[in-house]
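No value in this document is a laboratory result; all are computed from the given coordinates. Because the structure is a prediction, the values reported are computed rather than measured. Quick reminder, even Gly has a Cβ in these numbers, built from the backbone with ideal geometry, and neighbours come from all protein chains shown.
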Amino acid sequence: MELVFKKELSSEDLLKIIFEYTAKIASETELKRVLVLMANMGREMILSDRCTVWLIDEVRNELYTTVAHGVNEIRIPFGTGLVGSAITTGESIIIKDAYNDPRHNADNDRKTGYHTKSIITVPFRNNDGEIIGAYQAINKLTEVDYFTERDLELLSLAASYAGKSLESVMLHQEIVDTQREIISTMGEIGEIRSKETGNHVKRVAEYSYVLALALGMDVAEAEVLRTVSPMHDIGKVAIPDAVLNKPGKLTDEEYDIIKSHTKIGHQLLKGSKRKLLSAAAIVAEQHHEKWDGKGYPNGMKGEDIHIYGRITAVADVFDALSAERVYKAAWPIEKIEALFREERGRHFDPDVVDAFFRELPALLEIRSKLTDVE
């Protein structure tokens with residue numbers, strides 16, 4: 001690919017780029033999006049063809065990037081290549097011609113057909129001064145086709161800001177990942193107690209995600225629902241086994257005990273200020289509410305029921321009906337479709353039911369992939 005030469009940026013242009021990207025990075029909490037912004041900022045500031053943000057994977061003793069213009073994730077052993085050298089020594093590196101430097105690993109060029117010429121690599125540090133990754137820009141796009149000391153100063157400036165911002169985002173991501181792990185584990189514990197399988201909560205999660213997107217929810221919000229929907233029956237951990245797994249018909253008193261799992265689940269989760277656990281509390285309490293107001297525990301009606309509860313209700317019932325258990329056969333799809341048509345506007349939100357029918361092929365594919373193995 002022929003490179004198009006550009007003019008060096010004026011001070012005014014540089015300030016505009018810096019202010020634009022620092023504002024975007026400061027307001028972002030998702031790691032991958034921050035990495036994209038960092039890469040774009042570096043590329044624009046020093047007029048490179050590509051810019052890569054490398055991070056350290058201490059568990060696997062590797063360096064990796066999920067953001068590299070023009071390529072997918074790359075992983076290399078820690079300490080190897082130019083980026084490994086920069087991170088290990090803490091020193092920035094400028095190379096005018098990569099193929100004349102023994103530290104350059106040309107394997108990726110051979111795989112992609114891309115020709116690397118000039119390279120600049122700048123490590124970045126967290127608030128404690130520890131190196132946590134590096135910028136690496138490739139191929140200068142000006143008539144002077146190599147990186148200069150001015151480029152080093154500019155990319156070092158970007159690295160100084162971005163490294164400290166990245167640390168807070170990584171800590172936030174670690175908290176979110178921990179919440180997700182706790183939610184997933186607790187969801188499976190709840191199902192095990194009620195003789196369900198781990199795949200039940202996985203299927204409900206995937207169904208909920210598909211339905212949320214079909215209803216116009218953005219990807220980030222749909223991902224929240226996918227993460228928390230496995231907690232819908234967590235309150236069952238407090239229901240006595242004799243009632244929870246009773247083989248015969250429940251008495252009115254026993255049924256009231258079963259229904260209490262919604263309130264119990266809400267009580268377990270409602271105190272958290274974390275977004276995921278707060279969302280899980282909503283799902284736990286509201287997934288048995290009905291559109292016509294005849295559900296439980298609060299008899300909520302219509303759009304008073306949170307959209308998370310309305311979606312999870314459809315996902316949960318669909319899976320309960322379509323899955324085979326020792327105490328019942330799976331319903332044929334025709335019978336399930338008939339029930340949802342009948343309960344549209346009664347048990348279920350009409351819009352969610354309509355989304356269910358539109359996405360039924362995708363839901364059936366999920367069911368097939370996550371089938372229970374007895």
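Suppose R0 equals 22 Å; then what is the FRET efficiency for ALA320 and ALA242 from their Cβ-Cβ distance, rounded to the nearest 0.05? Intermediate results must be reported in sequence, preceding the final value.
On the way: r = 21 Å, r/R0 = 0.97.
Result of the calculation: an efficiency of 0.55.
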Among GLY42, GLY216, GLY293, residue whose mean-square fluctuation peaks in a GNM of the chain (springs only between Cα atoms under 10 Å):
GLY216
Could you work out how far apart the two model spin labels at ALA23 and GLU334 are, taking each label as a point 7 Å from the Cα in the direction of the beta carbon, and quote it in nm?
6.1 nm
Sequence neighbours fewer than 8 away in the same chain don't count; with that in mind, list the lysines whose C-alpha is under 22 Å from LYS164.
LYS16, LYS24, LYS32
Over the chain, with a Gaussian network built from C-alpha contacts below 10 Å, which listed residue (LYS16, LYS249, LYS164) shows the highest mean-square fluctuation?
LYS249
What is the set of long-range amide H partners of PHE124 at a cut-off below 5 Å, with H atoms built 1.01 Å from backbone N?
ILE132, GLY133, ALA134, TYR135
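Full extension from ILE131 to GLU153: what is 0.36 nm times the residue separation minus their Cα-Cα distance, to one decimal in nm? Could the numbers behind the result be given before it?
Values: separation 22, 0.36 × 22 = 7.92 nm, distance 1.76 nm.
Roughly 6.2 nm would be gained on extension.
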Pseudo-spin-label distance GLU73 to GLU342, built 7 Å along Cα→Cβ, given in nm, is 4.7 nm
Helix-derived [θ] at 222 nm for the chain: sum -39500 (n - 2.57) over DSSP H runs of at least 4, divide by residue count, nearest 500?
-17000 deg cm²/dmol
Net charge dipole size for the chain [Lys, Arg +1 and Asp, Glu -1 on Cβ; Debye, nearest 20]:
460 debye
Just going by the charge dipole of the chain, with Lys and Arg at +1 and Asp and Glu at -1 on Cβ, which of THR251, ILE94, GLN267 is farthest out on the positive end?
THR251
For the range 11-171, with the dipole built from +1 on Lys and Arg beta-carbon atoms and -1 on Asp and Glu ones, taken about the Cα centre, which of TRP54, TYR114, VAL36 lies farthest toward the positive end?
TYR114
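Given the Cα-Cα distance of THR371 and ARG103 and 0.36 nm per residue of separation, how much length would full extension add, in nm?
Details: separation 268, 0.36 × 268 = 96.48 nm, distance 4.92 nm.
This chain segment gains 91.6 nm when fully extended.
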Simple spin-label estimate for SER11/LYS249, 7 Å along Cα→Cβ, in nm, reads 8.7 nm
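Hey, with R₀ at 25 Å, roughly what FRET efficiency would LYS294 and ARG274 work out to, going by the Cβ-Cβ distance, to 0.05? Show your work: numbers first, answer last.
Working: r = 32 Å, r/R0 = 1.29.
Computed FRET efficiency for LYS294 and ARG274: 0.20.
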